[in-house]
Each structure stands twice: as structure tokens, then as C-alpha cells.
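Comments concern the structure below.
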């Protein structure tokens, strides 16, 4: 996945409405009308959100007669999760270092307390 594509994925995921749409689509394909039902917005507004998700590769739009059902494509989210995983490892390492420092400080304090 290119940096530009990853940027599109994160930008699409930044919006709570689009994340809610992805949750809905994780349960199965749906039309714009079906997707719009729980939201207090028009079908054209939902269509704009779907276009952003489609451009990011997070959904695919089919053609079924007059309808264009949307289907979740989770592969780009896996690429984003992989990118974030690198930082999880960094933070875990940083927390391990902090734990070691705090233990050393606590041991030093105990030694001071027992020698007094």
C-alpha cells in the first residue's frame, strides 16, 4: 500500500459516520437507503460518505438492477493496522523502559529508607 493510499484510509476512518457505516457493512452488504436509515442525514449525504470510503478502497459498490449495494473490503484496514502495529511495539518498549526506571528509583528509595 502506498503512502497516499494509507493517507486516504486514515482520512476515511477519521469520520465517525464513516466508521459507523463500516460497522454496518461488516454485517453484510447494504444499499444507500439501508445505510441511511439509522442516521439523521439525507441519502445524498450518505452517498458522499460512501464515495470517500470507496475511494479509500474500504468498500466496493456493486450494481444490482437500479441499486448499488455497498460491501465492506477490510484489506486496506489491515494495512493501516499493520502500520499502527509498528508504533504499538515502540510504545510497549517505551513502557518497558519506564517500568525499569521506576523499579530502579523505587529500589534506590528503599535503600535510602533502610540506611537512615
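The values are calculated or read from the model by the stated rules, or taken from the named source; none is laboratory data. This structure is a prediction, so every number in the text was calculated from the model and none was measured. Positions of Cβ are backbone-derived with ideal geometry, glycine not excepted, and every protein chain shown enters the neighbour counts.
Here are the numbers for the structure shown:
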read-out	value
Filter result for the condition that a residue is farther than 18 Å from residue 14 by Cα, out of contact with any strand residue (DSSP E or B) (no Cβ under 8 Å at 6 or more places or on another chain) and surrounded by 10 or more Cβ atoms within 10 Å (Cβ to Cβ), over 113, 99	99
Residues (surrounded by fewer than 17 Cβ atoms within 10 Å (Cβ to Cβ) and touching a residue at least 12 places away in the same chain (Cβ under 8 Å)) located in region 55-73	55, 60, 62, 67, 68, 71, 73
Filter result for the condition that a residue is surrounded by 14 or more Cβ atoms within 10 Å (Cβ to Cβ) and farther than 19 Å from residue 76 by Cβ, over 36, 20	36
Residue in region 39-52 that is out of contact with any strand residue (DSSP E or B) (no Cβ under 9 Å at 6 or more places or on another chain), on the phi > 0 side of the Ramachandran plot and not in a helix (DSSP H, G or I) present	no
Contacts under 8 angstrom Cβ, first residue in region 80-106 being in a helix (DSSP H, G or I), partner at pLDDT 85 or above, 6 or more apart	80/6; 80/9; 80/10; 80/13; 83/6
Residue list for region 1-51, restricted to those being under 16 Å from residue 80 (Cα atoms), in contact (Cβ under 8 Å) with a residue 12 or more places away in the chain and within 15 Å of the chain's Cα centre (by Cα)	5, 6, 8, 9, 10, 11, 12, 13, 15, 18, 22
